[in-house]
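A.B. asks: Got a structure for you, questions after.
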Amino acid sequence: MDGWESRRKRIPGHDWCIIQLGLSGIIHGFDVDTCFFTGNYPPKVSIQGACLNQDLPARPAKQIGTKATNEEFKQIDKLNSESWEEIVPISPMKPGYQTMCHNFFSAKTKKRWTHIRLNYYPDGGCARLHVFGQAVPDWSLVPYSQPIDLVSVQYGGICLGCSNYHYGHPRNMIGFGQAANMGDGWETARRLDRPSVLKADRRGILQIPGSEWCVFQLGQPGNITRIEIDTNHFKGNYPDSCKIEACLIKKQMEEDMMKHVGDANWKTLLLPQKLNANKQHLFSSEIIQCGLVNHVRVTIAPDGGISRMRILGYRTGTQNSLL
């Protein structure tokens, strides 16, 4: 099985594992997926969490049929994981048939977590564990003098909504590193209101009535100094042009803003810029200073795909929730 399955327990106790999250942050919920585990899924599970300032000790890859050594148990015992805070109480599980294999659990806490402990009661197997939430770094390790990618998922940036994501969601644009392929970026469907014959202005930008957009909340409010738009992999389906707007709003106003995106108090951060195929576009002198902002709206015309977007600048230390 392509998952974690423990042996059938014949001694007192229950099985568990400790996982260090890829990014620390606030957890909104879990999906404990028992796909294919139809007769060997755990009857019940629970999930605990902790916020630690240390990494777990490295554990070498082992073969199927092995277990933790006594030395490894001693190292883990130091974490006192059995006393970690409960995020999901002991809950019944469903078998791994296609129609019922996803076991969703919500998390009520708003704390920052770095590690979780998944408990099987008493044993069994699951195919996948998905942890949903928003990244929250240890900001004490990020100097104010250091320019960062304010919209990056690493620093808590999230996509609040978009007009179209037919082939790829815009949240892909704020992921790590270079996109692996077109599917690892944002790509819309082709707009059907395109003119039969396209015309361009003096700058070469097509004069087209339609466009697509997406809105992001920055990890922290900041002052933007540099923008990167990467059309890597998009060779025949990149946008003709791109513009970016920004605003500073309170957290409680986000929902209303997304209902009336066009009416929000957007300020132009980057005027429409001509884009090219399979290229990293860098903008700094073209940026119009908007002061402190915590949201950006990206508009592409008429449609197409972008693999990565970086919004670099300096954070102020003010939390979005405190505005």
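The values are calculated or read from the model by the stated rules, or taken from the named source; none is laboratory data. Everything numeric here is computed off the predicted structure, so don't read it as measured data. Quick reminder, even Gly has a Cβ in these numbers, built from the backbone with ideal geometry, and neighbours come from all protein chains shown. We work out accessible area using only protein heavy atoms, side chains counted, and drop any ligands, DNA or RNA first. Shrake-Rupley method; radii C 1.70, N 1.55, O 1.52, S 1.80 Å.
A.B. asks: Specify the residue with the greatest mean-square fluctuation among Ile90, Ile229, Ile11, computed from a Gaussian network of the chain linking alpha-carbon atoms under 10 Å apart.
C.D. replies: Answer for the Gaussian network model of the chain: Ile11.
A.B. asks: Let me ask you something else. Hey, if you put +1 on the Cβ of every Lys and Arg and -1 on every Asp and Glu Cβ in the chain, which of Ala107, Met257, Leu282 ends up farthest toward the positive end of that dipole?
C.D. replies: With unit charges placed on the Cβ atoms, the residue in question is Leu282.
A.B. asks: Return one whole number: the accessible area per residue of the chain in Å², for a 1.4 Å probe.
C.D. replies: 54 Å²
A.B. asks: What cysteines in the chain have no other cysteine with a beta carbon less than 4.7 Å from their beta carbon?
C.D. replies: Cys17, Cys51, Cys126, Cys159, Cys242, Cys247, Cys290
A.B. asks: If amide H atoms are built 1.01 Å from N in the plane of the peptide, which residues on other chains or at least 5 residues away come under 5 Å of the amide H of Asp303?
C.D. replies: Placed amide hydrogens put Asp240 under 5 Å from Asp303.
A.B. asks: Just the number, please: carbon plus sulfur as a percent of the accessible area of segment 169-275, 1.4 Å probe, no ligands or DNA/RNA counted.
C.D. replies: 48 percent
A.B. asks: With a point put 7 Å past each Cα toward its Cβ, work out how far Gln54 is from Asp77 in nm, to one decimal.
C.D. replies: Spacing of the two 7 Å Cα→Cβ label points: 1.5 nm.
A.B. asks: If you don't mind, another one. Can you work out ³J(HN,Hα) from phi for every residue in segment 85-90, in order, using Karplus 6.51 cos²θ - 1.76 cosθ + 1.60 and θ = phi - 60°, giving whole Hz and x for Gly and Pro?
C.D. replies: So the J values, rounded to whole Hz, are 5, 7, 9, 10, x, 4.
A.B. asks: How are the Cα pair distances of segment 222-323 distributed, in percent, across 5 Å bins from 0?
C.D. replies: 2, 12, 22, 20, 19, 14, 7, 2, 0
A.B. asks: Sort Tyr120, Tyr41, Tyr165, Tyr155 by accessible area with a 1.4 Å probe, largest first.
C.D. replies: Tyr165, Tyr41, Tyr155, Tyr120
A.B. asks: State the extension gain, in nm to one decimal, for the chain segment bounded by Gln98 and His260, taking 0.36 nm per residue of separation less the distance between their alpha-carbons.
C.D. replies: 54.5 nm
A.B. asks: Would you mind checking which residues have amide H under 5 Å from Leu160's amide H? H placed 1.01 Å from N; only 5 or more apart, or other chain.
C.D. replies: Long-range HN contacts for Leu160: Val215, Phe216, Gln217.
A.B. asks: Looking only at Lys251, Lys67, Lys279, which one moves most when the chain is put into a Gaussian network model with springs between Cα atoms under 10 Å?
C.D. replies: Comparing Lys251, Lys67, Lys279 in a Gaussian network model of the chain, the most mobile one is Lys67.
A.B. asks: Then there is this: Once amide H atoms are placed 1.01 Å from N in the peptide plane, what residues at a sequence separation of 5 or more from Ile90, or on another chain, have their amide H within under 5 Å of its amide H?
C.D. replies: Amide H neighbours of Ile90, under 5 Å, 5+ apart: none.
A.B. asks: What list of ³J(HN,Hα) couplings, whole Hz, do you get for segment 233-246 from phi and the Karplus terms 6.51, -1.76, 1.60, once you set θ to phi - 60° and write x for glycine and proline?
C.D. replies: Working through the residues one at a time gives 6, 8, 9, x, 9, 7, x, 6, 8, 8, 10, 10, 10, 9 Hz.
A.B. asks: Would you kindly derive the ³J(HN,Hα) couplings of segment 122-131 from the backbone phi angles with the Karplus curve 6.51 cos²θ - 1.76 cosθ + 1.60 (θ = phi - 60°), listing them in order in whole Hz, with x for Gly and Pro?
C.D. replies: x, 7, x, x, 10, 7, 9, 10, 10, 10
A.B. asks: Using the Cα centre as the reference, give the magnitude of the dipole from point charges on the C-beta atoms of the chain (Lys, Arg: +1; Asp, Glu: -1; all else neutral), rounded to the nearest 20 debye.
C.D. replies: 140 debye
A.B. asks: Let me ask something else about it. Please report the carbon-and-sulfur percent of the accessible area for segment 1-42; probe 1.4 Å, protein heavy atoms only, DNA, RNA and ligands left out.
C.D. replies: Carbon with sulfur: 53 percent of the solvent-accessible area.
A.B. asks: Could you work out the relative contact order of the chain, using alpha carbon pairs under 8 angstrom and six or more residues apart, expressed as a whole percent?
C.D. replies: 21 percent
A.B. asks: Keeping every protein chain in place, order Leu141, Leu198 by accessible area at 1.4 Å, biggest value first, i.e. largest first.
C.D. replies: Per-residue accessible area, sorted high to low, gives Leu141, Leu198.
A.B. asks: Here is a further query. Which percent of the Cα-Cα distances in segment 55-118 go past 15 Å?
C.D. replies: 69 percent
A.B. asks: Something else about it: Starting from the Cα of Lys243, draw a straight line to each of the lysines and keep only those under 27 Å, dropping any in the same chain fewer than 8 residues away.
C.D. replies: Within the straight-line limit of under 27 Å, Lys243 reaches these lysines: Lys199, Lys235, Lys251, Lys259, Lys267, Lys274, Lys279.
A.B. asks: Here's a follow-up. Taking Cα centroids, how far is segment 116-186 from segment 273-323 in Å?
C.D. replies: 18 Å
A.B. asks: Over all directions, what mean area does the Cα convex hull of the chain project, stated in square nanometres?
C.D. replies: That works out to 20.0 nm².
A.B. asks: A follow-up question, please. Translational diffusion coefficient, Stokes-Einstein: compute it for segment 163-253 using the Kirkwood radius over C-alpha pairs as Rh, at 4 °C and 1.567 mPa s, and state it as an integer in µm² s⁻¹.
C.D. replies: D, rounded to a whole number, is 83 µm²/s.
A.B. asks: Considering every Cα-Cα pair within segment 6-98, what fraction, in whole percent, is farther apart than 14 Å?
C.D. replies: 75 percent
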